[in-house]
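Derivation of every value follows stated rules applied to the coordinates shown; laboratory data play no part. Values in this document were obtained by computation on a predicted structure and should not be read as measured data.
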Amino acid sequence: MGNIFSANALRNASASAIDIGAGVSSFVIASNRCGGEVLSVPNARPNTHSAPFAAAASRQAYGIHVHPGASSDFVIQGNLCQGNMLGGIRDESSSTSGIVVNNVGV
């Protein structure tokens, strides 16, 4: 189970949940929830893998955004990126060695 990234923009589409700068390389982003505004976690039980999330409309631009540039050797996999204003994942890198697979909400 990964992390929850939400409510990262004060103005509409002014920031993304996870922002990777130009030229950043050798990273992995996996198994995260990045999108929507998490309002509550009803009936959540500690140390379990079940947590039903209630979400409202997001103000975030993207769940994950890799900015233009020479980023390389990265993996973005298995993330839930629903409920963002402009999309789930935006990979603007010029990489031929970056892998973006098996994500939901892209």
Residues whose modelled amide H sits under 5 Å from the amide H of Ser72, counting only those 5 or more places away in sequence or on another chain, are Ser25, Ser26
Residues with amide H under 5 Å of Ala15's amide H, sequence separation 5 or more or different chain, H placed in the peptide plane at 1.01 Å from N; which? Ala61
Amide H partners (placed H, <5 Å) of Phe5, local residues excluded: Arg33, Cys34, Gly35
So what J values fall out for segment 63-79 if you push phi through Karplus, 6.51 cos²θ - 1.76 cosθ + 1.60 with θ = phi - 60°, rounded to Hz, Gly and Pro as x? x, 9, 10, 9, 6, x, x, 8, 5, 8, 6, 9, 10, 10, 8, x, 9
